[in-house]
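Scroll down for the structure; my scribbles are underneath it.
FYI, it's all coordinate maths here, none of it is from the lab. As the structure is a computational prediction, the values presented were derived from the model and not from experiment. Cβ coordinates were reconstructed from backbone atoms using ideal geometry, including for glycine residues, and neighbour counts include every protein chain displayed.
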């Protein structure tokens, strides 16, 4: 036994050695690389520090040179713009004064060591250097650059400062030189230009002054080098024409190199500690990597699956589709995709709660998985949306078989605990022949076909057709034009009167939006209102209609009320009541005149939120009416529960009067129920007198329809009120 253990340990150790060697090699490589990187980084920091110091020295030296020149310029200006100088320099007997105040000042002066008074042509009237008269020609002493300064000084005489300075190479060396017009302190000079005289100062940059600059500006090793020299760090000294006369150079201190040598031992110690830490981390990391790999696989699976149903989700569907499409391109097969949307799921969820809804989703998922062939991918891509993808060589037959099986499955009630629920499915189908259609496009087509099936009615199946894209494009263009119409104020509001059933006098006016689309003509509200509701445009559109109605109401008698339709999309906005209140305040409209008409849809979907929204609107003083009563699921219970101020009977009940004798009894019973709750009733869609009489007898107190007036422009409804004298707020007849 011991020998077997020994053999096993030997083989185990043999397996560990390569791993240990690899770890040690990796560690060595890391240490070498880190050491190289750290030392390289330190070298880069040192180089950068040297560059910064050189840049600072360059700026300081350049500044010192400019200051040297500026000091001469300031001194020159003080002496040239001097009333006494103007008096004596231009006087015939002023030579003694010039020598005393200019020439003698060149002796041991730190301000200037050459002083020359010259006429307008540059000829010297007086010339002194270091306290002694200059014997040679001034032009020869200064060289040709003096003429450049002369020209610059003359050119600036009309600019307020007739002066120019610069560096010149004289017979004595490099000097900051300036030329200035001798003038009054105020700048005035009444002499002709040909009698002007100029003061020339020069301040030589000799070794002593360079040393003074080095001490003053703390520049190490500052020297004046010839122009042909090539020092490492320097600032060129140029004459007025740009020629380099000399170079003011300095010795770089290289502070970065000094710092680099100081920190090297500490860096090596730190690298050793990092290497030790790396070994520990390497061991921990190896263990963590194994765990992470397992977690990653689990996370990928979780990210591609729906927790509730256990099916793959949208991401997993795309992954599976892409794999199927790639395979189809290889073997020339087809990919079939079915998109399903459950019909009636929301009603089940609202009626029985989310727990039942979740069980329904799991039951549907199990049924779909059972019905689909092996190799197919079943996914839950949304709340109540599913997808089935499969690769096949007989796409038409398999699509028919699968759709029939699915429709049969959804035709049967589903048992969920003690409850029985019935849901249907709208199915959209798209295919990728030989994998030529991408996954994204395939999903888009199936989704589009599904919504077409849903629009056509429940429990239907539709295949994608290219014409569906044209329909969507048409819808998108309509949406874009509608958005622009709202932004540009191109919509119009029409007004239709509502009359009292007893005396036919106008008691209210309903605001109705109209749109004349450029290039297409009038667009029915039944067309553009649903688009506005699905795209979020209904909110600005509805507020626009309300504002226009409130503005026009100022032209009507005070007793005539305003009726405005509101959409469920507006009700969903928590700020809707505040927006309505703002419009009422801005237009100065009496809130009690406004009735907001809403349909039952939002009441069914969100009864609690609907109640809160209605309460907030009523708190503003508005009235709220239930519109299209009798067209859907609305019951008298809604009238009691939500406290509506008025009920509006749908036109379908009015039209039914011509079709059935029982329609009148049904209508009369409906009105009686509403009136028992003290809720007044409006009937719409009245086109004939006999309809009006029946509805009046049934108990409707307000009537609306073409019999009393079609929707008309604001000018027309205003003219009705303005053209009738009469008898008070309610005394306007629609006839």
- request: Name the shape class, rounded, prolate or oblate, that the alpha-carbon gyration tensor gives for the chain, where a ≥ b ≥ c are the square roots of its eigenvalues, rounded holds for a/c under 1.5, and otherwise prolate holds if a/b is larger than b/c and oblate otherwise.
  value: oblate
message: 7 Å from Cα along Cα→Cβ at both residue 578 and residue 132: what's the point-to-point distance in nm?
response: 9.3 nm
- request: Quick one: check the C-alpha center-to-center distance for region 507-585 versus region 297-352, whole angstrom.
  value: 41 Å
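How do the peptides 438-446, 664-672 rank, highest first, by the average count of neighbouring beta carbon atoms within 10 Å per residue?
438-446, 664-672
Restricting things to Cα coordinates, could you compute the convex hull volume per residue of region 497-578 in Å³?
In region 497-578, the Cα convex hull volume per residue is 134 Å³.
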task: Relative to the longest principal axis of the C-alpha atoms of the chain, give the angle of the C-alpha long axis of helix 525-535, reported between 0 and 90° and rounded to the nearest 10°.
output: 50 degrees
- request: Grab the beta carbon distance between residue 35 and residue 262, set R0 = 22 Å, and tell me the FRET efficiency rounded to 0.05.
  value: 0.80
message: Let's test the formula: R0 of 30 Å, r as the Cβ-Cβ distance of residue 690 and residue 347. What FRET efficiency results, to the nearest 0.05?
response: 0.15
task: Of the DSSP beta bridges with both residues in region 498-722, give the percent that are antiparallel, rounding to the nearest 5.
output: 25 percent
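So for region 466-619, what percent of the C-alpha to C-alpha distances run longer than 24 Å?
Within region 466-619, distances greater than 24 Å cover 40 percent of Cα pairs.
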query: Using alpha carbons only, how many degrees (0 to 90, rounded to 10) separate the axis of helix 314-331 from the longest principal axis of the chain?
result: 90 degrees
statement: Here the Cα Rg-to-2.2 N^0.38 Å ratio for region 451-504 is 1.97
- request: Just rank 269, 598, 161, fewest to most, by other beta-carbon atoms within 10 angstrom.
  value: 269, 161, 598
Taking 189, 29 and counting other C-beta atoms within 10 Å, the order from fewest to most: 29, 189
statement: Rg from C-alpha atoms of region 194-238, normalised by the globular rule of thumb 2.2 N^0.38 Å, equals 1.65
Beta bridges by DSSP in the chain, antiparallel share as percent, to the nearest 5: 75 percent
- line: The helix 576-587 Cα axis meets the longest alpha-carbon principal axis of the chain at an angle in degrees, between 0 and 90 and rounded to 10, of 80 degrees
- prompt: Hey, how many Å between the Cα centroid of region 26-89 and the Cα centroid of region 405-445?
  reply: 77 Å
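Between residue 232 and residue 108, what FRET efficiency follows from the Cβ-Cβ distance if R0 is 35 Å, with the result rounded to 0.05?
Using R0 = 35 Å, I get an efficiency of 0.50.
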query: When only C-alpha pairs under 8 Å and at least 6 residues apart count, what is the relative contact order of the chain, in percent?
result: 8 percent
field: 222 nm mean residue ellipticity, helices alone, for the chain (DSSP H n ≥ 4; -39,500 (n - 2.57); rounded to 500)
entry: -17000 deg cm²/dmol
task: Count the DSSP beta bridges whose two residues both fall in region 62-249, then state the antiparallel fraction as a percent rounded to the nearest 5.
output: 95 percent
message: Within a 10 angstrom radius of the beta carbon, how do 700, 550, 463 rank from fewest other beta carbons to most?
response: 463, 550, 700
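At 0.36 nm per residue, and after removing the present C-alpha to C-alpha distance, how many nm does the segment from residue 323 to residue 396 gain when stretched out fully?
24.2 nm
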field: Three-way shape call for region 356-418 based on the alpha-carbon gyration tensor, with the a/c threshold at 1.5
entry: prolate
statement: Expressed in angstrom and rounded, the centroid-to-centroid distance over alpha carbons for region 479-505 and region 453-474 is 31 Å
statement: Hydrodynamic calc, region 314-465: Kirkwood Rh from Cα pairs, then Stokes-Einstein at 25 °C with viscosity 0.890 mPa s, so D in µm² s⁻¹ is 158 µm²/s
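What full-extension length gain, to one decimal in nm, is calculated for residue 308 and residue 277 as 0.36 nm per residue of separation minus the Cα-Cα distance?
Separation in residues times 0.36 nm, less the Cα-Cα distance, equals 6.7 nm.
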- prompt: For region 220-263, rounded, prolate or oblate, judged on the Cα gyration tensor with a ≥ b ≥ c (square roots of eigenvalues), a/c < 1.5 rounded, else prolate if a/b > b/c?
  reply: prolate
statement: Evaluated at 37 °C and 0.692 mPa s, the Stokes-Einstein D of region 62-249 based on the Kirkwood radius over Cα pairs, in µm²/s, stands at 195 µm²/s
